[in-house]
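The values are calculated or read from the model by the stated rules, or taken from the named source; none is laboratory data. Predicted model only: the values in this text are computed from it and were never measured. Using ideal geometry, Cβ is built from the backbone for each residue, glycine included, and neighbour counts are taken over all protein chains shown.
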Amino acid sequence: MELSASVSAIVTGGASGLGEATARALAKHGVKVVLFDLQKDKGEKIAREIRGAFCAVDVTRDDSVAAGFAAARAANGQERLLVNCAGTGNAFKTAARDRKTGEIKYFPPAEFDRIVQINLVGTFRCIAHAAAGMLTLDPVEGERGVIVNTASVAAQDGQIGQAAYAASKAGITGLTLVVARDLAQEGIRCNTIMPGLFDTPLLQGAPDHVKQALGAQVPFPPRLGSPNEYASLALEMIRNGYFNGECVRLDGAIRMAPR
């Protein structure tokens with residue numbers, strides 16, 4: 001799909017990290033971008049800088065997502081692009097002993113559910129809303145729209161304490177081909193990026209020596225990934241019309257160790 005001012009896009013998690021980089025990259029091509037996020041101040045600031053728009057959206061609530069899509073379409077028209085970057089994580093062992101007291105605790109089910117609701121259900125909720133809207137469009141060179149999701153290498157290499165995070169990201173990879181097949185006859189493509197260790201807000205607060213140590217684990221190049229490198233792959237997935245139903249690792253050849 002050609003990127004131009006005739007195309008509208010929605011980027012979830014667009015107020016920081018991978019989403020922000022992708023929103024900025026799309027805007028450089030003239031695409032009209034709406035950011036979905038809960039970080040209002042940052043989101044509005046970025047939207048002003050890219051001449052886009054911001055909607056405060058909670059991807060775990062269908063009414064919030066529906067209102068966001070309605071507002072985005074009122075501002076820019078029906079989107080042809082959706083990039084899902086909203087997500088978060090936590091760390092709990094499935095069951096473990098407290099090192100000091102010896103008390104046995106298990107992964108809080110509410111915390112497991114929270115991560116799945118944000119990362120997996122939230123992603124699919126936005127996919128479903130976007131796809132339904134894209135079906136109303138006339139095809140351009142055979143395409144109505146493109147969807148790009150964000151999983152993680154944890155979908156395949158989940159580390160200790162990442163049961164919820166890994167499961168949620170594996171769910172995104174699992175739905176990718178199904179969504180691509182569901183929407184194939186309507187001219188809508190769906191792909192997923194699986195980032196490795198990236199210099200995102202999750203790590204930006206860490207000391208430099210910690211980030212350097214993490215980057216050194218990457219075979220080549222031995223550093224953290226840049227959000228701009230994620231954005232570059234997202235744009236290629238959008239532009240290349242034969243790119244469909246794929247889950248692609250973007251990780252410098254790293255394979256995560258247990259911890």
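For the range 17-45, residues that are surrounded by 24 or more Cβ atoms within 10 Å (Cβ to Cβ) and either more than 17 Å from ALA75 (Cα to Cα) or of a type in the set (A, V, I, L, M, F, W, C) (or both) total 11. Entry remark, the range 241-258: residues being within 19 Å of the chain's Cα centre (by Cα) and either within 21 Å of LEU81 (Cα to Cα) or not in a loop (DSSP other than H, G, I, E, B) (or both) number 8 in total. Scanning the range 227-246 for residues that are in contact (Cβ under 8 Å) with a residue 60 or more places away in the chain and surrounded by fewer than 18 Cβ atoms within 10 Å (Cβ to Cβ) turns up ASN228, SER232, ARG239, GLY241, GLY245, GLU246. Residues in the range 67-95 that are hydroxyl-bearing (Ser, Thr, Tyr) and within 20 Å of THR173 (Cβ to Cβ): 1 in all. Yes or no: the range 186-209 includes at least one residue that is in a helix (DSSP H, G or I), modelled with pLDDT of 95 or more and either polar (S, T, N, Q) or loosely packed, with under 14 Cβ neighbours inside 10 Å (or both). For the range 186-209, residues in a helix (DSSP H, G or I), modelled with pLDDT of 95 or more and either polar (S, T, N, Q) or loosely packed, with under 14 Cβ neighbours inside 10 Å (or both): absent. Residue check: ARG259 meets all listed conditions (1) farther than 30 Å from VAL31 by Cβ; (2) buried (at least 16 other Cβ atoms within 10 Å of the Cβ) but one, namely (2).
Residues that are in a helix (DSSP H, G or I), crowded, with 18+ Cβ neighbours inside 10 Å and out of contact with any Ser or Thr (no Cβ under 9 Å at 6 or more places or on another chain) within the range 125-153 comprise ILE127, HIS129, ALA130, ALA131, GLY133, MET134, listed in sequence order.
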